[in-house]
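Below is one structure, written out as structure tokens; the observations come after it.
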Amino acid sequence: MKRSQLFVKTQKDAPADEVSKNAQLLIKAGFVHKEMAGAYDYLPLGLRTFNKIVQIIREEMDAIGGNELEMTALQRPEPWQASGRWDEGVVDVWFKTELATGQTVGLGTTHEEPIADMMRQHVQSYKDLPAYVYQFQKKFRNELRSKSGIMRGREFVMKDLYSLSKDREEHEKFYELSQQAYERVFQRLGIGNSTFLTFASGGSFSKFSHEYQTICDAGEDIVYLDREKNLAVNEEVYTDEVLAELGLDKAKLEKVKTAEVGNIFTLGTKYAEAVDLHYTDEHGERQPVFMGSYGIGPGRTMGVIVETMADDKGLVWPANIAPYHVYLVSIGDVDTEAEELVRELEAAGIEVLHDDRDERPGSKFADADLMGLPIRVVISEKTLKNTEIEVKSRTEENAQLVSRQKAVDTIKSLLKQD
């Protein structure tokens, strides 16, 4: 991709009303556009990164037996009325609207009730279970305050997976697989070492739910962390009784500020019974389906990655979710040589953003740092005199001169280290 053909415009300053670091940097770098508080457009660079995050999550959900679908955001009231969650005194973040017919509908905040209601058409026998379905879908939540950029939106995409099992035992086997899958997701996204399985309130059907909390100054949660055991306890359930049950020593716990990037819940039979989702077991008896819910917000996670990895120059992306791997700066009359290098890199599976604009080198370098691509490459008349190019990792201060013949191998090696 040539920079001259890319729909992007960087800015020196972020909007004055934007307080969160993730939104400030993503707007300045041309990754997102702010429509209003809690609602952001993903521009081409931002969408590339967002889609790469989605793909990593998708691969791990597929690996544990998930089947992807897509449900509607428009929600009819009946399933929600059955569970009691249509009432705005119970769920106070509904966006509701009226159809031309006069019927009131909601914009989905989550999808436990709709998935249970839909599954009544697909689950009748024990032979139809277990079933694991997930989606990447827009959610709408009428939050009173939305000041954390893409980390807390009024309109946002959620990966929500729902497990439908015959009983608790079958459910818990998948619940364990989900924990392992989430750990792989966060490792692949580059935040695995700062993200911890966290015990939180479990609601009606389980003493605990589990959150995945990333250490982050911009986070909204407080957890107590045992780094040795790689476990944490949310402040909401931080009691001596809970610590004793989990085998955690209070003296070894570290109080840290975190941002939640994922959660998994045991739902039990609550939503199945509310909408009459039952199956016939091996003995001909009618049983309610046992459910679980598993969420990750790709946009929220993207915001947390920005908050935890960015530096004073701009964004810093792990190689596997960067919009491009290489920011190629050409200086002087080197178009032919630059295009040849682009072809070689792309043939090796390396994605290149070529800054071919007629701009000062300093301006190009500043944009390279701001956008945060893993590798900056400079090809110029000066370096080519010695058949060399300049290569620099985003997180390193100094560049290295590399033989033109070794350019691809050097860049591939640096990307593997990322």
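Here are a few things to note about the model shown:
- Net charge of the neighbourhood of Leu231, taken over other residues with C-beta under 13 Å away and scored Lys/Arg +1, Asp/Glu -1, is -4.
- Packing here is the average count of other Cβ atoms within 10 Å per residue, and on that basis the peptides 353-364, 152-163, highest first, run 152-163, 353-364.
- Build a GNM of the chain with springs between Cα atoms under 10 Å apart, and of Thr104, Thr383, Thr258 the one that fluctuates most is Thr104.
- In this rough spin-label picture, where each label sits 7 Å from Cα along the Cβ direction, the Asp17-Asp335 distance is 4.3 nm.
- The Cα center of region 318-385 and the Cα center of region 261-282 differ in position by 52 Å.
- Under a model in which nothing but the beta-carbon of Lys, Arg (+1) and Asp, Glu (-1) is charged, the chain shows a dipole of about 820 debye around its Cα centre.
- Amide H contacts of Lys139: Phe156, Val157, Met158, each under 5 Å away and 5 or more positions distant or on a separate chain (H built 1.01 Å from N in the peptide plane; Pro and chain starts excluded).
- 5 Å binning of all Cα-Cα separations within region 237-355, expressed as whole percents from 0 upward: 2, 8, 9, 9, 10, 10, 10, 9, 8, 7, 7, 5, 4, 2, 1, 0
- In sequence order, calculated HN-Hα J values of region 282-294 (Karplus, 6.51, -1.76, 1.60; Hz; x Gly/Pro): 4, 9, x, 8, 8, 10, x, 6, 9, 10, x, 10, 9
- Anisotropy class assigned to region 116-205 is oblate, per the alpha carbon gyration tensor with a/c at or over the 1.5 cut-off and a/b no larger than b/c.
- Placing a label point 7 Å from the Cα of Glu170 along the Cα-to-Cβ direction, the residues of region 269-305 with a backbone N closer than 14 Å are 269, 278-292.
- Based on Cα contacts under 8 Å between residues 6+ apart, region 326-417 shows a relative contact order of 30 percent.
- Using the Karplus relation 6.51 cos²θ - 1.76 cosθ + 1.60 with θ = phi - 60°, the per-residue 3J(HN,Hα) values for region 369-382 come to 5, 5, 6, x, 5, x, 10, 10, 10, 10, 10, 9, 4, 5 Hz, with x marking Gly and Pro.
- Relative contact order (percent, whole number), the chain, Cα cutoff 8 Å, 6+ residue spacing: 16
- Paramagnetic label zone (point 7 Å from Cα along Cα-to-C-beta, Lys96; backbone N under 18 Å) in region 127-159: 140-144
- CD proxy at 222 nm, helix term only [per DSSP H run n ≥ 4: -39500 (n - 2.57); per residue of the chain; nearest 500]: -9000 deg cm²/dmol
- For the chain, the Kirkwood hydrodynamic radius comes to 23.7 Å, computed from all pairs of different C-alpha atoms.
- Cα shape, region 203-252, gyration tensor, a/c 1.5 rule: oblate
- Cross-linked pairs Lys138/Lys257; Lys34/Lys147; Lys229/Lys250; Lys139/Lys229: Cα-Cα separations exceed 23 Å for Lys138/Lys257; Lys139/Lys229.
- A Förster radius of 25 Å combined with the Cβ-Cβ distance from Asp41 to Leu69 puts the calculated FRET efficiency at roughly 0.50.
- Contact order normalised by residue count of region 306-354, Cα under 8 Å, 6+ apart, percent: 38
- Under 5 Å, built H, 5+ apart or other chain: amide partners of Ser209: Ala200, Ser201, Gly202
- Measuring r between the beta carbons of His283 and Lys257 and using R0 = 51 Å, the FRET efficiency lands at 0.50.
- Total lysine pairs in region 326-417 at Cα distances under 21 Å, for residues eight or more apart or on different chains: 9.
- When both region 1-33 and region 74-145 are represented by their alpha-carbon centers, they are found 35 Å apart.
- Given R0 = 22 Å, the distance between the Cβ atoms of Ala348 and Asn398 translates into a calculated FRET efficiency of 0.35.
Rule-based calculations on the coordinates, nothing more; no lab input. On a predicted model such as this, the values are computed, not experimentally measured, just so you know. Every residue, glycine among them, receives a Cβ derived from its backbone with ideal geometry; neighbour counts consider all protein chains shown.
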